[in-house]
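Trainee: Take a look at this one; I'll ask things after.
The values are calculated or read from the model by the stated rules, or taken from the named source; none is laboratory data. This structure is a prediction, so every number in the text was calculated from the model and none was measured. Cβ placement follows ideal geometry from the backbone for every residue including glycine, while neighbour counts extend to all protein chains displayed. Side chains included, ligands, DNA and RNA excluded: accessible areas come from the protein's heavy atoms. Shrake-Rupley method; radii C 1.70, N 1.55, O 1.52, S 1.80 Å.
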Amino acid sequence: MSRRGRMAALPTTPVRRPPVVVGDGLVVEHRDRTGAVAVYDFRTLPVSDALRRSLASLFAARCVPSRWTSHHSSRYFWLPLRTFTAYLATLEVPVADLDQLTAGVWKQWRLSRPNTPLGYRQITTVRGLLLDDARLSAAAREALARRALKPAAKEVSFQEAEFDAIVATARRMFRAAHLRITGNARHLTQWRAGALERGSEAWLLGEALDCLARTGEAPHDTRVRERGRVLARYARVLGGEKPEHTWQRLFLTRMETVALGVLLLAEHGWNLSVINRLKVPQAAPDAGSQGLRIYRVELEKHKRGAGRYFETRNLTDDGAASPGRLITQALEATVFARAAVYALSPCTDRLLIRRSGKAPWEVRPQDERGRRSAIGVFGSGISGCTAHRWATQQGFAASPFRRGRRTVNTLHRRAPGQNSQTTHDRVYALTDPQVRQAAIPVIAEAAEAVVAKAHATVFAAELREEADLADQPTATADCHDYADGPYPGPGGGCSASFLMCLACPNARIHPAHHSRLAHLHHALDNLRTALEPGQWHRQWEEGHARLEHLKGQLGAAVWTRALAEVSDTDRELIALLLNGDLDL
């Protein structure tokens, strides 16, 4: 609608999406949210042509923006589908099409899968695709719909010493890189401000850093035979032509980027996909007098489902131990890389930008998996292979990110990190051996505290001056809330004995109970002389202790008067209570 309130004109030509299935119907193209295309050729599957077309149709129905928004999703289904068709090719009686898929064939395929996360993925992904076909028989559909048990997670959190060593290694590596880049940044600032004498060694170094910041390369020879060699006068002030003398002065390496990612993981508990998608945080000064920097960090996690991809967090940099200090250091360490990438591709807004170790003419347009190339000599994020290589180089067993996230969220933060509480408990906390082991003394301590409190709270009933007509009388006190007490029974109500009324906060005791309870106290004293000590201790000691507590609260004078006022009704009730005749 225009500013004047008039409806805008509709486009004259209809908007048409590029076709998903191309060629002869056996090639499927999947466009992700950025427009990149992944091609899946169903002609390579070792099954009949009819089955290929059916599978291609089911696969293509999901290669739409409302279902799969990334190539990771389509690859996640494509690989198990290839395994499934390879299994069908080994059968003596081939499956010509999905309407001939039987429950027996599916059960055989399911039993052939290992009880591992990979086997579970193969069963569930293929099942999800096949159930979209309306031609499946009822028996086959019932077999496919049967729930598959997820294998127990073998991934556990790091031991405290191991995780501390990983974080310390990452902090040492990133700190060295941060100091190197900020030191050269100060020198470049002086050169750009004209504070260095022209022609001096320091001036030449500043000129080399300026060229490096703008182009990603130190000033080098462009002649064919000498291509890539740093000019002699700049190589002299830089200290050499190796990467550590040239581009590493202003840019992070792959391994240093991994170290920064590990620190972000340890600080905030984010997983690798979230760290890779981190946008440059927006900084705003604090409204207070101190003017502290507050970063607005945008987090993106597509596994949470449509409508819940994004969330924001505010991180304040108010000191060395503050949650925003690492963000400040990350911005300082990547400032030149981000500026160079923005000049080449203004739409790029990622935080983790690094310099590739390859020269510009060595950068291939695509990597070995057909993914889009980096921007010039710069790349963004951390791949799984790079993380594993970093761990191997530093002497660790495997990539720190998956186990590290589990460690931070279950043992350090002890709270969900971009997960629901149910997912946190089911996937992370309850399956981790360290969490279960750490819970043993906590549970035992809580149980001991409950027992200690029960013994310490000798008398918990409430003393009143007069009775409440709404209360229900019992053998020892009046009950104020029978339906909602601390000792509920399986069928509702209260399951405690009448002696436990003295330990119940719902019980009310007024002067009409004094004589009866004084007589009960006297009777328990007599039982102590008649019973074996162990039996009296097990059965009557706690009740006697509560009555001692009540006697102390009422005072000796009230207690003596109550003993003198004991009635025949009191004696009869106490006798029934001690003989067990009032037990349910």
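Trainee: Using the alpha-carbon atoms, what tilt in degrees (0 to 90, nearest 10) does helix 511-530 show relative to the longest principal axis of the chain?
Mentor: 90
Trainee: Using label points projected 7 Å from each Cα along Cα→Cβ, tell me how many nm separate A470 and Q282, to one decimal.
Mentor: 5.4
Trainee: Which order do the peptides 507-518, 34-45 come out in when sorted by mean C-beta neighbours inside 10 angstrom, highest first?
Mentor: The packing order, highest mean first, is 507-518, 34-45.
Trainee: OK, next. Take the alpha carbon gyration tensor of segment 483-584, find the square roots of its eigenvalues, order them as a ≥ b ≥ c, and report rounded if a/c is under 1.5; if not, report prolate when a/b exceeds b/c, else oblate.
Mentor: oblate
Trainee: Using θ = phi - 60° and the Karplus relation 6.51 cos²θ - 1.76 cosθ + 1.60, list the HN-Hα couplings for segment 538-555 in order, rounded to whole Hz, with x at every Gly or Pro.
Mentor: Couplings: 5, 9, 10, 5, 5, x, 5, 5, 5, 5, 5, 4, 4, 4, x, 6, 7, x Hz.
Trainee: Using θ = phi - 60° and the Karplus form 6.51 cos²θ - 1.76 cosθ + 1.60, what ³J(HN,Hα) does each residue of segment 179-188 get, whole Hz, x for Gly and Pro?
Mentor: Ordered by residue, 3J(HN,Hα) equals 5, 5, 5, 5, x, 5, 5, 5, 5, 5 Hz.
Trainee: Consider the candidate values (i) 168; (ii) 182; (iii) 363; state which one is volume of the Cα convex hull per residue in Å³ computed from the structure displayed.
Mentor: So the calculated entry is the one marked (iii).
Trainee: Can you tally the net charge around P323? Count Lys and Arg as +1, Asp and Glu as -1, for every other residue whose Cβ sits under 11 Å from the Cβ of P323.
Mentor: -1
Trainee: OK, next. Out of segment 492-584, which GluC sites (Glu not before Pro) are coil in DSSP terms and have no more than 16 other C-beta atoms within 10 Å?
Mentor: Taking segment 492-584 and a limit of 16 other Cβ atoms within 10 Å, the loop GluC sites (Glu not before Pro) found are E565.
Trainee: At a Cα cut-off below 12 Å, give the aspartates and glutamates reachable from K107, other chains included and same-chain residues fewer than 8 away excluded.
Mentor: List returned: E142.
Trainee: In terms of the Cα gyration tensor, with a ≥ b ≥ c the square roots of its eigenvalues, is segment 38-131 rounded because a/c is under 1.5, prolate because a/b exceeds b/c, or oblate?
Mentor: Taking the square roots of the gyration eigenvalues as a ≥ b ≥ c, segment 38-131 is oblate.
Trainee: Can you pull the Kirkwood radius for segment 94-159, inverse mean 1/r over Cα pairs, to one decimal in Å?
Mentor: 13.0 Å is the Kirkwood radius here.
Trainee: While we're here: On a 0 to 90° scale, report how tilted helix 433-456 is relative to the longest principal axis of the chain, with both axes built from alpha carbons and the result rounded to the nearest 10.
Mentor: Taking Cα atoms only, the helix is inclined about 20 degrees.
Trainee: With every protein chain left in place, what is the accessible area of T392 in Å² (1.4 Å probe, nearest 10)?
Mentor: Rounded to the nearest 10, that gives 80 Å².
Trainee: By the scheme Lys and Arg +1, Asp and Glu -1, what is the net charge of all other residues having a beta-carbon under 12 Å from that of E155?
Mentor: Local net charge: +4.
Trainee: Net charge within 13 Å of R135 by Cβ-Cβ distance, Lys/Arg positive one each and Asp/Glu negative one each, not counting R135 itself?
Mentor: Counting the neighbours of R135, the net charge comes to -2.
Trainee: With every protein chain left in place, what is the accessible area per residue of the chain in square angstrom, probe 1.4 Å?
Mentor: That works out to 56 Å² per residue.
Trainee: At 0.36 nm per residue, and after removing the present C-alpha to C-alpha distance, how many nm does the segment from T569 to R313 gain when stretched out fully?
Mentor: Result: 85.2 nm gained on full extension.
Trainee: How much length, in nm to one decimal, is gained on full extension between L131 and A36, taken as 0.36 nm per residue of separation minus their Cα-Cα distance?
Mentor: Contour length minus Cα-Cα distance gives 31.4 nm.
Trainee: Using heavy-atom solvent-accessible surface (probe 1.4 Å) with all chains present, what is the largest-first order of T215, T257, T116?
Mentor: These residues rank, largest area first, as T215, T116, T257.
Trainee: Now, a different point. Give me the extension gain from R147 to T423: residue separation times 0.36 nm, minus the current Cα-Cα distance, reported in nm with one decimal.
Mentor: 97.5 nm
Trainee: Another question, if that's okay. Cα to Cα, under 20 Å, and not fewer than 8 places away if on the same chain: which aspartates and glutamates meet these conditions relative to K301?
Mentor: Filter leaves D32, E267, E311, D349, D425.
Trainee: When all alpha-carbon pairs of segment 169-277 are counted, what percent fall beyond 25 Å?
Mentor: Percentage above 25 Å: 33.
Trainee: With runs of 4+ DSSP H residues as the only contributors, calculate the mean residue ellipticity of the chain at 222 nm using -39,500 (n - 2.57) per run, divided by the residue total and rounded to the nearest 500.
Mentor: About -14500 deg cm²/dmol.
Trainee: Step through the residues of segment 100-107 one at a time and calculate ³J(HN,Hα) from phi using the Karplus curve (6.51 cos²θ - 1.76 cosθ + 1.60, θ = phi - 60°), rounding each to whole Hz and writing x for Gly and Pro.
Mentor: Using θ = phi - 60°, the values come out as 9, 6, 9, 4, x, 4, 5, 5 Hz.
Trainee: Quick one: order T476, T124 from most to least accessible surface, probe 1.4 Å.
Mentor: Ranked list, largest accessible area first: T124, T476.
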